[in-house]
Amino acid sequence: MDFETIKKDAQSSFMPTYQRFEIAPVKGKGATLQDAGGREFIDFTSGIGVNSLGYSHDGWVKAVSNQAAALQHISNLYYNSAQTQLAKTLCGRSGYDAVFLANSGAEANECALKLARKYSFDNYGPGRGTVLSLQNSFHGRTLATITATGQEEYHQYFLPFPEGFRYTPANDIALLDEAMTPDVCALIIEFIQGEGGVLPLEPEFVQAAKALCDEKDVLLIADEVQTGIGRTGKFFAREHFGIKPDVLTSAKGLGNGLPIGACLCTAQLSGVLSPGTHGSTFGGNPVACAGAKVVLDYLTDDVLRDITEKGEYLKAELEKLSEVEFVRGKGLMLAAGLKNKKAKEVAAACVEKGLLVLTAKECLRFLPPLVVTYDEIDKGIKILADVLEQ
Ligand SMILES: *Cc1c(COP(=O)(O)O)cnc(C)c1O
(Lines give C-alpha, C1' and ligand atoms only; values in the text may rest on other atoms or scores of the structure.)
Protein backbone atom coordinates (compact mmCIF):
# COMPACT_ATOMS: atom_id res chain seq x y z
CA MET A 1 0.00 0.00 0.00
CA ASP A 2 1.36 3.45 -0.86
CA PHE A 3 2.19 5.97 1.83
CA GLU A 4 -0.58 8.47 1.04
CA THR A 5 -3.28 5.76 1.32
CA ILE A 6 -1.90 4.58 4.69
CA LYS A 7 -1.84 8.15 5.94
CA LYS A 8 -5.39 8.92 4.75
CA ASP A 9 -6.78 5.69 6.26
CA ALA A 10 -4.99 6.43 9.53
CA GLN A 11 -6.43 9.93 9.68
CA SER A 12 -9.97 8.68 9.10
CA SER A 13 -9.75 5.75 11.55
CA PHE A 14 -7.78 6.72 14.64
CA MET A 15 -8.44 8.97 17.56
CA PRO A 16 -5.98 11.74 16.74
CA THR A 17 -3.72 11.17 19.78
CA TYR A 18 -0.44 10.96 17.85
CA GLN A 19 1.47 13.42 15.72
CA ARG A 20 3.36 11.22 13.27
CA PHE A 21 6.37 11.71 11.02
CA GLU A 22 5.78 11.24 7.28
CA ILE A 23 7.10 7.69 6.86
CA ALA A 24 5.83 4.10 7.21
CA PRO A 25 8.76 1.71 7.70
CA VAL A 26 8.06 -1.92 6.80
CA LYS A 27 11.18 -3.81 7.88
CA GLY A 28 14.65 -3.51 9.29
CA LYS A 29 17.93 -5.12 10.28
CA GLY A 30 19.96 -3.99 13.29
CA ALA A 31 19.48 -0.23 13.60
CA THR A 32 18.60 0.28 9.93
CA LEU A 33 15.01 0.51 8.69
CA GLN A 34 13.43 0.43 5.24
CA ASP A 35 10.12 1.74 3.93
CA ALA A 36 8.04 0.06 1.21
CA GLY A 37 9.93 1.95 -1.51
CA GLY A 38 13.30 0.70 -0.23
CA ARG A 39 14.30 4.05 1.31
CA GLU A 40 16.69 3.50 4.27
CA PHE A 41 16.63 5.12 7.70
CA ILE A 42 19.15 4.94 10.53
CA ASP A 43 17.12 4.46 13.70
CA PHE A 44 18.30 6.39 16.78
CA THR A 45 14.93 5.86 18.50
CA SER A 46 14.37 2.07 18.95
CA GLY A 47 10.63 2.76 18.92
CA ILE A 48 11.20 4.96 22.01
CA GLY A 49 13.78 2.83 23.82
CA VAL A 50 12.04 -0.46 23.07
CA ASN A 51 13.86 -2.37 20.34
CA SER A 52 17.03 -3.18 22.32
CA LEU A 53 18.12 -5.85 19.84
CA GLY A 54 17.15 -3.75 16.83
CA TYR A 55 15.16 -5.24 13.96
CA SER A 56 14.96 -8.93 12.95
CA HIS A 57 17.39 -10.21 15.57
CA ASP A 58 17.77 -13.93 14.76
CA GLY A 59 17.62 -15.35 18.30
CA TRP A 60 14.68 -13.18 19.31
CA VAL A 61 12.71 -13.95 16.14
CA LYS A 62 13.28 -17.69 16.66
CA ALA A 63 12.28 -17.66 20.34
CA VAL A 64 9.16 -15.61 19.66
CA SER A 65 8.08 -17.64 16.60
CA ASN A 66 8.64 -20.96 18.36
CA GLN A 67 6.65 -19.86 21.39
CA ALA A 68 3.84 -18.44 19.20
CA ALA A 69 3.67 -21.73 17.31
CA ALA A 70 3.57 -23.79 20.51
CA LEU A 71 1.43 -21.81 22.97
CA GLN A 72 0.59 -18.13 22.55
CA HIS A 73 -1.30 -17.53 25.83
CA ILE A 74 -2.55 -19.62 28.72
CA SER A 75 -3.59 -17.04 31.41
CA ASN A 76 -2.20 -16.84 34.91
CA LEU A 77 -4.50 -19.61 36.12
CA TYR A 78 -1.85 -22.11 35.01
CA TYR A 79 1.91 -22.53 35.15
CA ASN A 80 4.00 -21.68 32.14
CA SER A 81 7.70 -22.30 31.71
CA ALA A 82 8.51 -19.39 29.33
CA GLN A 83 7.10 -17.02 31.93
CA THR A 84 8.79 -18.71 34.88
CA GLN A 85 12.20 -18.80 33.19
CA LEU A 86 11.97 -15.07 32.49
CA ALA A 87 10.92 -14.31 36.08
CA LYS A 88 13.78 -16.37 37.50
CA THR A 89 16.36 -14.79 35.18
CA LEU A 90 15.06 -11.25 35.77
CA CYS A 91 15.16 -11.67 39.56
CA GLY A 92 18.64 -13.23 39.38
CA ARG A 93 20.10 -10.57 37.12
CA SER A 94 18.52 -7.60 38.92
CA GLY A 95 19.19 -8.69 42.50
CA TYR A 96 15.51 -8.72 43.44
CA ASP A 97 13.48 -11.53 44.96
CA ALA A 98 10.05 -11.40 43.35
CA VAL A 99 8.43 -9.97 40.25
CA PHE A 100 4.95 -9.18 38.93
CA LEU A 101 4.69 -9.23 35.13
CA ALA A 102 2.51 -6.61 33.42
CA ASN A 103 2.19 -5.33 29.83
CA SER A 104 3.63 -1.81 29.89
CA GLY A 105 5.59 0.74 31.87
CA ALA A 106 2.50 2.43 33.25
CA GLU A 107 1.13 -0.91 34.42
CA ALA A 108 4.41 -1.86 36.07
CA ASN A 109 4.25 1.48 37.93
CA GLU A 110 0.60 0.90 38.89
CA CYS A 111 1.72 -2.36 40.49
CA ALA A 112 4.51 -0.55 42.36
CA LEU A 113 2.08 2.10 43.67
CA LYS A 114 -0.43 -0.53 44.80
CA LEU A 115 2.34 -2.53 46.46
CA ALA A 116 3.56 0.56 48.37
CA ARG A 117 0.09 1.49 49.56
CA LYS A 118 -0.72 -2.06 50.65
CA TYR A 119 2.60 -2.47 52.45
CA SER A 120 1.83 0.72 54.33
CA PHE A 121 -1.77 -0.31 55.05
CA ASP A 122 -0.70 -3.74 56.33
CA ASN A 123 1.91 -2.24 58.66
CA TYR A 124 0.48 1.15 59.68
CA GLY A 125 -3.24 1.06 58.81
CA PRO A 126 -5.08 3.69 56.72
CA GLY A 127 -3.98 7.34 56.32
CA ARG A 128 -0.47 6.71 55.04
CA GLY A 129 -1.14 6.45 51.31
CA THR A 130 0.61 9.52 49.91
CA VAL A 131 3.10 8.96 47.10
CA LEU A 132 5.84 11.53 46.52
CA SER A 133 7.25 12.00 43.05
CA LEU A 134 9.73 14.43 41.55
CA GLN A 135 8.94 17.53 39.53
CA ASN A 136 9.56 17.06 35.80
CA SER A 137 9.14 13.28 36.11
CA PHE A 138 7.23 10.96 33.78
CA HIS A 139 5.58 7.76 34.99
CA GLY A 140 2.93 6.86 32.38
CA ARG A 141 -0.52 7.66 31.00
CA THR A 142 -3.00 5.86 33.25
CA LEU A 143 -4.91 8.06 35.69
CA ALA A 144 -2.67 7.17 38.63
CA THR A 145 0.57 7.39 36.67
CA ILE A 146 -0.20 10.75 35.02
CA THR A 147 -1.03 11.98 38.50
CA ALA A 148 2.35 10.69 39.70
CA THR A 149 3.95 12.45 36.70
CA GLY A 150 5.32 15.72 38.10
CA GLN A 151 4.46 17.98 35.15
CA GLU A 152 1.55 20.44 35.16
CA GLU A 153 0.81 19.96 31.45
CA TYR A 154 -0.35 16.39 32.19
CA HIS A 155 -2.70 17.51 34.97
CA GLN A 156 -5.48 18.98 32.82
CA TYR A 157 -8.83 17.82 31.41
CA PHE A 158 -9.14 14.45 33.17
CA LEU A 159 -10.37 15.66 36.53
CA PRO A 160 -10.81 14.50 39.16
CA PHE A 161 -7.36 12.92 39.51
CA PRO A 162 -6.73 10.24 42.15
CA GLU A 163 -5.82 11.56 45.60
CA GLY A 164 -2.60 11.01 47.47
CA PHE A 165 0.14 12.36 45.19
CA ARG A 166 2.57 15.18 45.99
CA TYR A 167 5.63 16.57 44.20
CA THR A 168 9.05 17.69 45.30
CA PRO A 169 11.93 19.13 43.25
CA ALA A 170 14.68 16.80 42.04
CA ASN A 171 18.09 17.24 43.70
CA ASP A 172 16.79 19.26 46.67
CA ILE A 173 17.48 17.20 49.79
CA ALA A 174 16.11 19.73 52.28
CA LEU A 175 12.74 19.99 50.51
CA LEU A 176 12.54 16.21 50.17
CA ASP A 177 13.10 15.90 53.92
CA GLU A 178 10.28 18.41 54.52
CA ALA A 179 7.96 16.60 52.10
CA MET A 180 8.40 13.26 53.92
CA THR A 181 5.49 13.82 56.32
CA PRO A 182 3.93 10.90 58.28
CA ASP A 183 1.26 10.33 55.56
CA VAL A 184 3.88 9.30 52.94
CA CYS A 185 4.27 5.63 51.95
CA ALA A 186 6.52 5.88 48.87
CA LEU A 187 8.87 8.02 46.83
CA ILE A 188 9.06 7.26 43.10
CA ILE A 189 12.07 8.45 41.06
CA GLU A 190 13.71 8.06 37.66
CA PHE A 191 17.52 7.96 37.96
CA ILE A 192 17.62 9.80 34.65
CA GLN A 193 14.44 11.74 33.83
CA GLY A 194 13.89 10.59 30.24
CA GLU A 195 10.82 12.38 28.90
CA GLY A 196 11.81 15.32 31.13
CA GLY A 197 14.92 15.95 29.00
CA VAL A 198 17.40 13.17 29.89
CA LEU A 199 18.33 14.73 33.24
CA PRO A 200 20.34 12.50 35.58
CA LEU A 201 19.73 12.84 39.33
CA GLU A 202 22.69 13.93 41.44
CA PRO A 203 24.29 10.99 43.30
CA GLU A 204 24.14 12.85 46.65
CA PHE A 205 20.40 13.37 46.22
CA VAL A 206 19.85 9.68 45.43
CA GLN A 207 21.90 8.60 48.48
CA ALA A 208 20.01 11.04 50.73
CA ALA A 209 16.64 9.93 49.33
CA LYS A 210 17.52 6.31 50.05
CA ALA A 211 18.61 7.13 53.62
CA LEU A 212 15.46 9.20 54.31
CA CYS A 213 13.24 6.44 52.94
CA ASP A 214 14.99 3.82 55.09
CA GLU A 215 14.71 5.98 58.19
CA LYS A 216 10.94 6.49 57.76
CA ASP A 217 10.07 3.08 56.29
CA VAL A 218 8.94 4.85 53.10
CA LEU A 219 9.37 2.63 50.04
CA LEU A 220 11.76 3.89 47.39
CA ILE A 221 10.42 2.98 43.94
CA ALA A 222 12.82 3.30 40.99
CA ASP A 223 11.02 3.76 37.68
CA GLU A 224 13.58 2.16 35.35
CA VAL A 225 11.10 1.75 32.51
CA GLN A 226 13.40 3.80 30.25
CA THR A 227 16.79 3.56 32.03
CA GLY A 228 16.82 -0.22 32.56
CA ILE A 229 17.84 -3.29 30.53
CA GLY A 230 21.31 -2.09 29.54
CA ARG A 231 20.23 1.29 28.21
CA THR A 232 22.71 3.27 30.35
CA GLY A 233 25.52 0.69 30.17
CA LYS A 234 24.45 -1.11 33.37
CA PHE A 235 21.78 -3.80 33.62
CA PHE A 236 19.79 -1.30 35.69
CA ALA A 237 20.81 2.36 36.17
CA ARG A 238 20.62 1.90 39.96
CA GLU A 239 24.08 0.32 39.71
CA HIS A 240 25.57 3.72 38.77
CA PHE A 241 24.31 5.04 42.12
CA GLY A 242 25.21 2.04 44.28
CA ILE A 243 21.78 1.72 45.86
CA LYS A 244 19.03 -0.89 45.83
CA PRO A 245 15.53 0.65 45.81
CA ASP A 246 12.78 -1.38 47.54
CA VAL A 247 10.81 -1.63 44.30
CA LEU A 248 12.02 -1.31 40.71
CA THR A 249 9.97 -1.18 37.53
CA SER A 250 11.00 -2.14 34.00
CA ALA A 251 9.34 -2.22 30.57
CA LYS A 252 10.37 -0.53 27.28
CA GLY A 253 13.64 -2.34 26.38
CA LEU A 254 12.69 -5.56 28.16
CA GLY A 255 10.54 -7.06 25.41
CA ASN A 256 12.43 -5.87 22.30
CA GLY A 257 9.07 -4.76 20.90
CA LEU A 258 6.51 -7.07 22.43
CA PRO A 259 4.49 -5.52 25.25
CA ILE A 260 5.80 -6.46 28.68
CA GLY A 261 6.41 -4.69 31.98
CA ALA A 262 7.82 -5.88 35.29
CA CYS A 263 7.59 -4.73 38.89
CA LEU A 264 10.42 -6.16 41.01
CA CYS A 265 10.68 -6.05 44.79
CA THR A 266 12.86 -7.14 47.72
CA ALA A 267 12.26 -10.32 49.77
CA GLN A 268 10.66 -8.26 52.56
CA LEU A 269 7.94 -7.09 50.15
CA SER A 270 7.47 -10.25 48.13
CA GLY A 271 4.26 -11.34 49.90
CA VAL A 272 2.51 -7.94 50.05
CA LEU A 273 0.39 -8.35 46.91
CA SER A 274 -1.34 -11.49 48.17
CA PRO A 275 -3.69 -13.68 46.06
CA GLY A 276 -6.58 -11.66 44.63
CA THR A 277 -5.08 -8.21 45.31
CA HIS A 278 -3.52 -7.72 41.87
CA GLY A 279 -3.54 -9.42 38.48
CA SER A 280 -3.54 -9.12 34.71
CA THR A 281 -5.10 -11.13 31.90
CA PHE A 282 -2.21 -10.62 29.49
CA GLY A 283 0.61 -10.00 31.98
CA GLY A 284 3.49 -12.44 31.53
CA ASN A 285 2.36 -13.47 28.07
CA PRO A 286 4.52 -16.47 27.02
CA VAL A 287 5.48 -15.02 23.60
CA ALA A 288 6.59 -11.72 25.13
CA CYS A 289 8.42 -13.62 27.89
CA ALA A 290 10.26 -15.94 25.47
CA GLY A 291 11.50 -12.84 23.60
CA ALA A 292 12.44 -10.95 26.76
CA LYS A 293 14.54 -13.91 27.93
CA VAL A 294 16.64 -13.54 24.75
CA VAL A 295 17.15 -9.84 25.56
CA LEU A 296 18.36 -10.64 29.09
CA ASP A 297 20.70 -13.39 27.89
CA TYR A 298 22.17 -10.99 25.30
CA LEU A 299 23.16 -8.46 27.98
CA THR A 300 26.46 -9.97 29.16
CA ASP A 301 29.09 -7.89 30.97
CA ASP A 302 31.01 -7.55 27.68
CA VAL A 303 27.92 -6.25 25.90
CA LEU A 304 27.23 -3.76 28.71
CA ARG A 305 30.80 -2.47 28.39
CA ASP A 306 30.33 -2.21 24.65
CA ILE A 307 27.13 -0.17 25.15
CA THR A 308 29.06 2.22 27.42
CA GLU A 309 31.80 2.62 24.80
CA LYS A 310 29.37 3.17 21.93
CA GLY A 311 27.55 5.72 24.10
CA GLU A 312 30.80 7.59 24.74
CA TYR A 313 31.57 7.52 21.01
CA LEU A 314 28.11 8.85 20.07
CA LYS A 315 28.41 11.56 22.75
CA ALA A 316 31.86 12.63 21.48
CA GLU A 317 30.63 12.74 17.87
CA LEU A 318 27.61 14.86 18.89
CA GLU A 319 29.84 17.24 20.85
CA LYS A 320 31.88 17.87 17.68
CA LEU A 321 28.85 19.40 15.91
CA SER A 322 29.03 23.19 16.07
CA GLU A 323 25.26 23.64 16.54
CA VAL A 324 25.30 21.33 19.60
CA GLU A 325 25.55 23.23 22.88
CA PHE A 326 25.77 20.29 25.31
CA VAL A 327 25.24 16.52 25.45
CA ARG A 328 24.02 14.77 28.59
CA GLY A 329 22.89 11.30 29.66
CA LYS A 330 24.54 7.91 30.08
CA GLY A 331 25.27 4.98 27.79
CA LEU A 332 22.92 4.96 24.82
CA MET A 333 20.44 7.34 26.50
CA LEU A 334 21.60 10.79 25.43
CA ALA A 335 20.21 14.26 24.75
CA ALA A 336 21.74 17.17 22.87
CA GLY A 337 20.83 20.80 23.47
CA LEU A 338 20.98 23.01 20.38
CA LYS A 339 22.30 26.56 20.13
CA ASN A 340 19.86 28.11 17.64
CA LYS A 341 17.73 25.48 15.92
CA LYS A 342 14.49 23.96 17.23
CA ALA A 343 14.82 20.25 18.12
CA LYS A 344 11.37 19.35 16.73
CA GLU A 345 12.17 20.94 13.35
CA VAL A 346 15.58 19.23 13.25
CA ALA A 347 13.98 15.85 14.00
CA ALA A 348 11.48 16.33 11.15
CA ALA A 349 14.25 17.38 8.72
CA CYS A 350 16.34 14.34 9.76
CA VAL A 351 13.51 11.96 8.82
CA GLU A 352 13.47 13.43 5.31
CA LYS A 353 17.19 12.69 5.03
CA GLY A 354 17.06 9.16 6.48
CA LEU A 355 17.58 9.47 10.25
CA LEU A 356 15.05 8.89 13.02
CA VAL A 357 15.69 10.87 16.20
CA LEU A 358 13.55 11.74 19.22
CA THR A 359 13.07 14.95 21.14
CA ALA A 360 12.61 15.55 24.87
CA LYS A 361 11.65 19.08 25.96
CA GLU A 362 13.96 21.41 23.97
CA CYS A 363 16.56 18.70 23.26
CA LEU A 364 17.22 16.12 20.59
CA ARG A 365 17.11 12.68 22.22
CA PHE A 366 18.99 9.55 21.17
CA LEU A 367 17.93 6.01 22.15
CA PRO A 368 19.40 3.80 19.39
CA PRO A 369 19.03 0.02 19.55
CA LEU A 370 21.69 -1.39 21.91
CA VAL A 371 23.03 -3.39 18.92
CA VAL A 372 23.71 -0.23 16.87
CA THR A 373 27.07 -0.50 15.04
CA TYR A 374 29.79 2.17 14.82
CA ASP A 375 29.06 2.31 11.10
CA GLU A 376 25.38 3.06 11.76
CA ILE A 377 26.35 5.72 14.33
CA ASP A 378 28.64 7.37 11.76
CA LYS A 379 25.90 7.32 9.10
CA GLY A 380 23.39 8.84 11.52
CA ILE A 381 25.79 11.55 12.68
CA LYS A 382 26.58 12.43 9.06
CA ILE A 383 22.87 13.01 8.34
CA LEU A 384 22.41 15.02 11.53
CA ALA A 385 25.48 17.14 10.70
CA ASP A 386 24.06 17.87 7.23
CA VAL A 387 20.69 18.90 8.67
CA LEU A 388 22.26 21.10 11.36
CA GLU A 389 24.43 22.87 8.79
CA GLN A 390 21.50 23.73 6.50
C1 LIG B 1 7.77 5.32 28.82
C2 LIG B 1 7.79 5.47 30.30
C3 LIG B 1 6.70 5.05 31.08
C4 LIG B 1 5.40 4.54 30.48
O5 LIG B 1 5.56 3.36 29.80
P6 LIG B 1 4.36 2.80 28.86
O7 LIG B 1 4.86 1.46 28.42
O8 LIG B 1 4.18 3.78 27.76
O9 LIG B 1 3.16 2.71 29.73
C10 LIG B 1 6.82 5.14 32.45
N11 LIG B 1 7.94 5.61 33.03
C12 LIG B 1 9.01 6.03 32.31
C13 LIG B 1 10.22 6.52 33.01
C14 LIG B 1 8.96 5.98 30.92
O15 LIG B 1 10.00 6.43 30.20
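Quick test of your reading of the structure: Leu273 fulfils all but one of (1) more than 15 Å from the ligand (Cβ to nearest atom); (2) within 22 Å of the chain's Cα centre (by Cα); (3) in contact (Cβ under 8 Å) with a residue 60 or more places away in the chain. Name the failing condition by number.
In the conditions (1) more than 15 Å from the ligand (Cβ to nearest atom); (2) within 22 Å of the chain's Cα centre (by Cα); (3) in contact (Cβ under 8 Å) with a residue 60 or more places away in the chain, Leu273 misses (2) alone.
Starting from the stretch 106-125, keep only residues that are of a type in the set (Asp, Glu), then list their pairs with residues that are away from the ligand (no atom under 16 Å from the Cβ) whose Cβ atoms are within a distance under 9 Å, requiring at least 6 positions of separation or different chains.
Glu110/His278; Asp122/Val272
Take the residues in the stretch 254-290 that are in contact with a Gly (Cβ under 6 Å, 6 or more places away or on another chain) and outside any loop (DSSP other than H, G, I, E, B); name whichever of them is farthest from Gln72 (Cα to Cα).
Gly261
For the stretch 218-236, which residues satisfy the criterion of being away from the ligand (no atom under 12 Å from the Cβ) and not aliphatic (A, V, I, L, M)?
Gly230, Thr232, Gly233, Lys234, Phe235, Phe236
Pick from Asn66, Asn76: which is modelled with pLDDT of 95 or more and not in a helix (DSSP H, G or I)?
When all the criteria are applied, what remains is Asn76.
Can you tell me which residue among Ile42, Ile23 is away from the ligand (no atom under 16 Å from the Cβ), under 25 Å from the mean Cα position of the chain (by Cα), among the aliphatic types (A, V, I, L, M) and not in a loop (DSSP other than H, G, I, E, B)?
Values: Ile23 fails: not in a loop (DSSP other than H, G, I, E, B).
On inspection, the qualifying residue turns out to be Ile42.
For the stretch 132-147, enumerate the residues that are closer than 24 Å to Asp217 by Cα, within 14 Å of the ligand (Cβ to nearest atom) and aliphatic (A, V, I, L, M).
Of everything in the stretch 132-147, those that are closer than 24 Å to Asp217 by Cα, within 14 Å of the ligand (Cβ to nearest atom) and aliphatic (A, V, I, L, M) turn out to be Leu134, Ala144.
Got a sec? Which of Glu239, Glu215 is surrounded by fewer than 16 Cβ atoms within 10 Å (Cβ to Cβ), outside the structural domain of Phe366 (by TED's automatic domain parsing), more than 16 Å from the ligand (Cβ to nearest atom) and within 24 Å of Ala116 (Cα to Cα)?
Answer to the selection: Glu215.
Do you know which residues across the stretch 180-196 are within 12 Å of the ligand (Cβ to nearest atom) and not in a strand (DSSP E or B)?
Once the filter is applied, which keeps residues that are within 12 Å of the ligand (Cβ to nearest atom) and not in a strand (DSSP E or B), the stretch 180-196 yields Glu190, Phe191, Gly194, Glu195, Gly196.
Out of the stretch 77-125, which residues are farther than 30 Å from Gly233 by Cβ and surrounded by fewer than 15 Cβ atoms within 10 Å (Cβ to Cβ)?
We begin by selecting, within the stretch 77-125, every residue farther than 30 Å from Gly233 by Cβ; these are 77-81, 114, 117-125.
Answer for the stretch 77-125, where residues must be farther than 30 Å from Gly233 by Cβ and surrounded by fewer than 15 Cβ atoms within 10 Å (Cβ to Cβ): Leu77, Tyr78, Tyr79, Ser81, Asp122, Asn123, Tyr124, Gly125.
If you take the residues of the stretch 148-157 that are within 17 Å of Leu113 (Cβ to Cβ) and part of a loop (DSSP other than H, G, I, E, B), which of them is nearest to the ligand (Cβ to nearest atom)?
Filtering first and then ranking leaves Thr149.
From Glu204, Glu195, grab the single residue that is surrounded by 18 or more Cβ atoms within 10 Å (Cβ to Cβ) and under 27 Å from Phe235 (Cα atoms). Please lay out each step first, then the result.
Details: Glu204 fails: surrounded by 18 or more Cβ atoms within 10 Å (Cβ to Cβ).
Glu195 is the lone residue from the list that is surrounded by 18 or more Cβ atoms within 10 Å (Cβ to Cβ) and under 27 Å from Phe235 (Cα atoms).
Every residue, every condition in (1) more than 21 Å from the chain's Cα centre (by Cα); (2) farther than 20 Å from Cys91 by Cβ; (3) buried (at least 21 other Cβ atoms within 10 Å of the Cβ); (4) without any contact (Cβ under 8 Å) to a residue 40 or more places away in the chain, yes or no:
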residue: Lys293; (1), (2), (3), (4): no, no, yes, no
residue: Asp302; (1), (2), (3), (4): yes, yes, no, yes
residue: Ile307; (1), (2), (3), (4): no, yes, yes, no
residue: Phe326; (1), (2), (3), (4): yes, yes, no, yes
residue: Leu332; (1), (2), (3), (4): no, yes, yes, no
residue: Ala336; (1), (2), (3), (4): no, yes, yes, yes
residue: Asn340; (1), (2), (3), (4): yes, yes, no, yes
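The values are calculated or read from the model by the stated rules, or taken from the named source; none is laboratory data. The structure presented is a predicted model; accordingly, all values stated were derived computationally and were not measured. With ideal geometry, Cβ positions are generated from the backbone for all residues, glycine too; neighbour counts draw on all protein chains shown.
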